[in-house]
Amino acid sequence: MSNIFDKCQKDVALAPYTTLKIGGNAEYFFEPESVKELADFIKNKPQNINITILGEGSNSLISDNGISGIVIHLNKLSNVKVDGVNVIAEAGATSGKTARSAREASLTGIEFLCGIPGSIGGALAMNAGAYGYQTADNLISVDVITNTGKLKTMQPDEIGFEYRKTGLPNGWIFISATFKLKHGNKDDIRNQMRKINKERVTSQPINMPSSGSWFKNSDEHGSAWKITEKAGCRGMRVGNAQVSEKHANFFVNLGGATSADMEELSQKVENKIKEKLGIKMHREVKALGKNSE
Ligand SMILES: Cc1cc2nc3c(=O)[nH]c(=O)nc-3n(C[C@H](O)[C@H](O)[C@H](O)COP(=O)(O)OP(=O)(O)OC[C@H]3O[C@@H](n4cnc5c(N)ncnc54)[C@H](O)[C@@H]3O)c2cc1C
């Protein structure tokens with residue numbers, strides 16, 4: 001294989017690849033055209049180089065100083081296939097496209113994914129969920145590439161799915177997911193998806209740059225938005241980073257906010273919650289890049 005860096009673009013601005021519209025540059029940026037190309041790339045990369053996988057960037061806060069090493073963006077691996085009651089989605093397919101493909105085949109079980117604005121790889125990595133459902137629920141297998149470039153099919157119980165996290169070893173990459181669904185009525189599925197999207201428009205600032213829920217909910221203390229609200233954090237602001245007026249667990253970019261603004265806002269909110277309610281919050285949004293490498 002030719003030098004792997006020949007396949008990369010250099011110094012690519014990452015903010016446009018995120019829903020927060022924040023972040024510096026990727027030192028190297030690679031968009032594989034096929035699973036084989038990605039596996040070969042991983043096999044041939046220098047061992048100690050930093051690799052970061054980016055899906056739709058809807059749960060990521062990228063450092064203002066960018067990301068060193070290689071950022072791999074999987075958007076070209078975006079096929080979704082329906083085979084009987086199984087829906088097989090590549091990691092770069094959006095969750096929305098996957099949910100709509102199921103609907104078109106009158107298959108029910110992943111309607112909740114229609115409102116989650118990320119990729120299937122990101123949905124797996126975050127075990128994304130809503131309305132009582134999570135990505136792992138209807139999953140029967142996933143394909144991954146290991147950190148040495150080997151392709152492997154795994155069962156969900158080998159992945160260690162938990163609330164908004166998995167036990168996938170560091171450096172392994174989700175390549176595709178197979179969901180086993182049930183036959184349903186297409187109109188009912190469509191209506192359910194419309195209902196979900198309507199609820200989101202009503203309750204979330206979806207027309208503003210954000211990364212969805214900032215903090216995780218807690219078994220012990222309940223919904224993160226209720227905690228944030230109770231501590232009086234709605235509307236708090238650092239520069240142009242703000243705790244949304246519409247949803248107290250969404251941090252929004254009012255325009256030109258930096259990753260440093262978001263970090264400072266988060267710290268202030270965390271401190272206020274700790275001080276007022278004695279609760280330690282845990283972030284759902286992933287910090288990617290130089291400050292967290
Ligand atoms: C308006 C809005 C609403 C949202 N609502 C919800 C919701 O209801 N429920 C919910 O759970 N989330 C929600 N989110 C958060 C986000 O959409 C989900 O977590 C989504 O699944 C992330 O996917 P992504 O492709 O954007 O991930 P990214 O942000 O690109 O990546 C997230 C993490 O996953 C890793 N990753 C991505 N792809 C792979 C891969 N192929 N293999 C290994 N690791 C990978 C990244 O390295 C990173 O650590 C919302 C976000 C927004 C902006």
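Each value in this text was obtained by applying a stated rule to the coordinates, not by laboratory testing. The structure presented is a predicted model; accordingly, all values stated were derived computationally and were not measured. Neighbour counts are summed over all protein chains in view; Cβ atoms, including those assigned to glycine, are modelled from backbone coordinates with ideal geometry.
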Worksheet, complete the sentence: Taking the alpha-carbon centre of each part, the distance from segment 128-174 to segment 243-276 in Å is 30 Å
Worksheet item: Would you list I140, I110, I145 from fewest to most Cβ contacts within 10 Å?
Response: I140, I145, I110
Worksheet entry | Amide H contacts under 5 Å for I53, placed H, 5+ residues apart | I72
Practice prompt. Could you tell me which of rounded, prolate or oblate describes segment 197-293, using a ≥ b ≥ c as the square roots of the eigenvalues of the alpha-carbon gyration tensor, with rounded for a/c under 1.5 and, failing that, prolate when a/b is larger than b/c and oblate otherwise?
Written response: rounded
Worksheet entry | Shape call, segment 4-73: gyration tensor on alpha carbons, a/c limit 1.5 | prolate
Worksheet item: Counting only the backbone N, which residues of segment 104-129 are under 12 Å from the spot 7 Å out from the Cα of V82 toward its beta-carbon?
Response: 104-109
Fill in: Qualifying lysines (Cα of each under 19 Å from Cα of K216; at least 8 residues distant if same chain)
K165, K226, K230, K246, K268, K272, K274, K276, K280, K286
Response to the item:
Between the modelled labels at A260 and T202 (7 Å from Cα along Cα→Cβ) the distance in nm is 4.2 nm
Practice prompt. Please label the shape of segment 38-159 as rounded, prolate or oblate, based on the square roots a ≥ b ≥ c of the eigenvalues of the alpha-carbon gyration tensor (a/c under 1.5 means rounded; beyond that, a/b larger than b/c means prolate, else oblate).
Written response: prolate
Worksheet entry | Proximal lysines to K43, defined as alpha-carbon separation beneath 21 angstrom and excluding residues fewer than eight positions away on the same chain | K7, K10, K76, K150, K152
Discussion item. Output wanted: per-residue J couplings in Hz (rounded whole) for segment 80-86, from phi through Karplus 6.51 cos²θ - 1.76 cosθ + 1.60, θ = phi - 60°, x for Gly and Pro.
Written reply: 10, 10, 10, 9, x, 9, 9
Worksheet entry | Amide proton proximity set for L288, modelled H, under 5 Å, gap of 5+ | L61, I62, S63
Practice prompt. Using the Karplus curve 6.51 cos²θ - 1.76 cosθ + 1.60 with θ = phi - 60°, work out ³J(HN,Hα) for each residue of segment 143-149 in order, rounded to whole Hz, and write x for Gly and Pro.
Written response: 9, 9, 10, 7, 5, 9, x
Item to complete: Could you point to the residue in N217, S259, A241 farthest towards the positive end of segment 208-288's charge dipole, with +1 and -1 charges on the Cβ of Lys/Arg and Asp/Glu respectively?
Response: N217
Discussion item. Skipping prolines and chain starts, which residues have an amide H placed within reach, meaning under 5 Å, of the one on F161, given they are 5 or more residues away or on another chain?
Written reply: G167
